[in-house]
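Working notes for the structure below.
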Amino acid sequence: MTLQAGTTERLKVRRETPPYGWFVGEGDEGGAEILFPYGEAVVSRPQPGDETELFLFHDDKGRLTATQRKPLIQLGEMARLAVADFHPRFGYFLEMGIGRQLLLPLKELPEERKNAWPQTGDELHVVMKHDKEGRMLARLAKVDDFADAAIRAPGVWKNEWKEAWVTDVFRDGAFALVEGGVIGYGALGYVHESAMAGTLRIGQKFKARVAQVRDDGRVTLTMKQPKETGRLEDADRILAFLKERPGGGMPYSDETPADIIQKRFDLSKSAFKRALGKLMKEGLVIQKASWTYLKDRPEGAAESPSGQPDREDV
């Protein structure tokens, strides 16, 4: 058997060599010998002739080395690892539980979407592989990698809010792994760009509502409130804004351009119109000449002679 980095093997201690540690190998003699440094003996200090379970990795000089530390991921496995550091030439360094990091090369990230690259502290779902020299590397997990680990989302999840981690991003949306699995994973989900509350990063943890549970057990996600809930919240904001305005009026209405509405209220025009519609239906506001007023505005309040918002309003 060829000893490989990224694997856990039960090896025999052949000899002790102070001040370095022990040399271990398969059986009593023959084959490769690997250094098991004193500093890596965090469970027990073996004696020559003992067998011990060790994880293999390459040290800073590229030598295959052994440790008793337990890794969070091994060769061929998938795990969610935290981003420890970033190097602009090499890529992301991920915590793997043995006091050193696993490299995720830059080529694994979408060059055309750098705004979606991870940040320190984000958690990436990755699979450990080897490079051409047999050194440990990470690659981003793809949908197929979750086939055995992901669960089928139950129907009762619909409209529930869940935590999820972005696993990959695309031009029109992102894949995510939604919490809920009994072995550390969950259900696969997809959030369309139109259902996002902002740009999502690979590895970012976010909260989303399950809009749909599909027949295949995957879920469709949205970061937005149901329309009725959103309409209530938006209407309350607009009403509060009007009450603070001199004369109880504002130069915004159904006719106001979408970009101005977005800038002033951080709302889409459709959401703004839904909220205004609710307020008008309840008899709280009226619209005149491209302005919106409180129906019961202060006595003597003058209406604006202009249908255009003042500079300070936009």
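Summary of computed values
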quantity: Residue within the range 73-94 that is surrounded by 15 or more Cβ atoms within 10 Å (Cβ to Cβ), outside the structural domain of Leu11 (by the TED database) and among the acidic types (Asp, Glu) present; calculated: no
quantity: Any hit, the range 226-247, residues being part of a strand (DSSP E or B) and among the aliphatic types (A, V, I, L, M); calculated: no
quantity: Scan of the range 102-133 for residues that are closer than 25 Å to Phe55 by Cβ, among the acidic types (Asp, Glu) and exposed (fewer than 13 other Cβ atoms within 10 Å of the Cβ), ordered by number; calculated: Asp131, Glu133
quantity: Evaluation of Trp165 against (1) in contact (Cβ under 8 Å) with a residue 60 or more places away in the chain; (2) in a loop (DSSP other than H, G, I, E, B) (one fails), failing number; calculated: (2)
quantity: Filtered residues of the range 256-295 (kept if in contact (Cβ under 8 Å) with a residue 40 or more places away in the chain and assigned to a loop (DSSP other than H, G, I, E, B)); calculated: Thr256, Leu284
quantity: Among (1) surrounded by 19 or more Cβ atoms within 10 Å (Cβ to Cβ); (2) at pLDDT 95 or above - the single one Phe146 does not satisfy; calculated: (2)
quantity: Residue in the range 93-110 that is in contact (Cβ under 8 Å) with a residue 60 or more places away in the chain, more than 18 Å from Val169 (Cα to Cα) and among the hydrophobic types (A, V, I, L, M, F, W, C) present; calculated: no
quantity: Count of residues meeting criterion [part of a strand (DSSP E or B) and either more than 14 Å from Leu137 (Cα to Cα) or among the β-branched types (Val, Ile, Thr) (or both)] in the range 81-97; calculated: 6
quantity: Within the range 42-59, considering residues that are over 20 Å from Leu72 (Cα atoms) and touching a strand residue (DSSP E or B) at 6+ places or on another chain (Cβ under 6 Å), the one surrounded by the most Cβ atoms within 10 Å (Cβ to Cβ); calculated: Pro46
quantity: Matching residues, the range 139-160, being under 25 Å from Ala82 (Cβ atoms) and either touching a helix residue (DSSP H, G or I) at 6+ places or on another chain (Cβ under 8 Å) or among the charged types (D, E, K, R) (or both); calculated: Arg139, Leu140, Lys142, Asp144, Asp145, Asp148
quantity: Of residues in the range 18-41 being surrounded by fewer than 12 Cβ atoms within 10 Å (Cβ to Cβ) and at pLDDT 95 or above, the one nearest to the chain's Cα centre (by Cα); calculated: Gly39
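The values are calculated or read from the model by the stated rules, or taken from the named source; none is laboratory data. Note that the structure is predicted; figures quoted are calculated from it, not measured. Please note: Cβ atoms are built from the backbone with ideal geometry, for glycine as well, and neighbour counts cover all protein chains shown.
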